[in-house]
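Here's the structure, in structure tokens; my notes come after.
The values are calculated or read from the model by the stated rules, or taken from the named source; none is laboratory data. These numbers were taken from a predicted model, which means no experiment stands behind them. No Cβ is skipped: glycine too gets one built from the backbone with ideal geometry, and neighbour counts run over all protein chains shown.
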Amino acid sequence: MENYWNQFIENFIRGIPNLLTALVIFIVSLYLARFLSNILRRVLHSRKAPEGVTHLLGQLTLWTVILIGMITALQRFFDVTAFLAGLGIVGFTIAFALQDVIKNFASGIILLLQQPFHVGESIELAGFEGTVLAIDLRTTEIRASDGRIVILPNASVLASPIVNHTRASQRRVDLSLNLSHGTDPNTVRQIILDAIEEVPGYVRKPEPVIVFDNLTSSALVLTVNFWIDVPENNPAQAKDTVLLKVKSAFDRQGIEIPHPVQAVYSKS
């Protein structure tokens, strides 16, 4: 019994340096974890990330650093390689079974950090155009222009080109007109310019472009584009305003829109 206690005390004294080293490593990991977690939280707050995401990423950072410190401390006493290998196999199995969930979760975090769009903005992605209703960690919900509620997995959102209409302060409006061959081009240009001038939100720079870009058997094809200020107007409404004013001016001056002409030969 005396030999057992002597051996225990000897092993304990011999292990004191390792114990102190492991304790220092663990304490340092605690302070480092809190330091990195606080830095991440401040960065996310400065980027106006949602509070839930800020808390989640802060906690993930905190416990990840603590776990690494704990494993490093335990390495002073025994080899944790076999334990980590078994843990890795279990983790790989779980990750493989939940790969779609994990992929959408990671994509949601990236979207919330990069912030390519916010709730309430008008966007176009994955073949849908509408207003963003919610951005969660797994899905993004939008109200399509036809009223449908579309819930998209964040992995699909991140993999698709994202068009943010709201963040564009200016938009170009394009339209085309067919004119008869006998129409005076200068008169038509002036009519269109006068109509554009009356559009709410019309932007003078860049200047509007009015060009004849095609000649068919029945018409001269005229292409028009001009710019508007998005907060004051939208492209569809601006286009509607110009076309109505141009049609009214054409009617007053007797300018006709040509109809397709087709020759029909009848053989008796």
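Structural remarks
- Condition check for Ile228: free of Cβ contacts under 8 Å to residues at least 40 places away in the same chain and either in a strand (DSSP E or B) or hydrophobic (A, V, I, L, M, F, W, C) (or both): no
- One residue stands out among those in the range 156-199 that are among the basic types (Lys, Arg) and at pLDDT 85 or above: the one that is farthest from Ala236 (Cα to Cα), which is Arg189.
- When Asp100 is tested against (1) modelled with pLDDT of 85 or more; (2) assigned to a helix (DSSP H, G or I), exactly one condition is not met: (1).
- Gln115 vs. criteria of a type in the set (S, T, N, Q) and modelled with pLDDT of 80 or more: yes
- Each residue in the range 168-179 was checked for being of a type in the set (Gly, Ala, Ser) and either closer than 11 Å to Phe226 by Cα or touching a residue at least 60 places away in the same chain (Cβ under 8 Å) (or both), and 2 of them qualify.
- Output for the range 231-262, where each listed residue is touching a Phe, Trp or Tyr at 6+ places or on another chain (Cβ under 9 Å) and part of a helix (DSSP H, G or I): Ala238, Val242
- In the range 180-213, residue surrounded by the most Cβ atoms within 10 Å (Cβ to Cβ) [restricted to those that are without any contact (Cβ under 8 Å) to a residue 24 or more places away in the chain and acidic (Asp, Glu)]: Glu197
- When restricted to residues that are assigned to a strand (DSSP E or B) and under 17 Å from Leu112 (Cα atoms), the range 125-161 contains 13.
- Output for the range 119-139, where each listed residue is under 20 Å from Lys48 (Cβ atoms) and either hydrophobic (A, V, I, L, M, F, W, C) or surrounded by 13 or more Cβ atoms within 10 Å (Cβ to Cβ) (or both): Val119, Glu121, Ser122, Ile123, Thr131, Val132, Leu133, Ala134, Ile135, Asp136, Leu137
- Residue among Ser248, Ser266 that alone is surrounded by fewer than 15 Cβ atoms within 10 Å (Cβ to Cβ), modelled with pLDDT under 85, small (Gly, Ala, Ser) and out of contact with any Cys (no Cβ under 6 Å at 6 or more places or on another chain): Ser266
- Candidates are the residues of the range 140-149 that are surrounded by fewer than 17 Cβ atoms within 10 Å (Cβ to Cβ) and touching a strand residue (DSSP E or B) at 6+ places or on another chain (Cβ under 7 Å); the one that is nearest to Arg41 (Cα to Cα) is Glu141.
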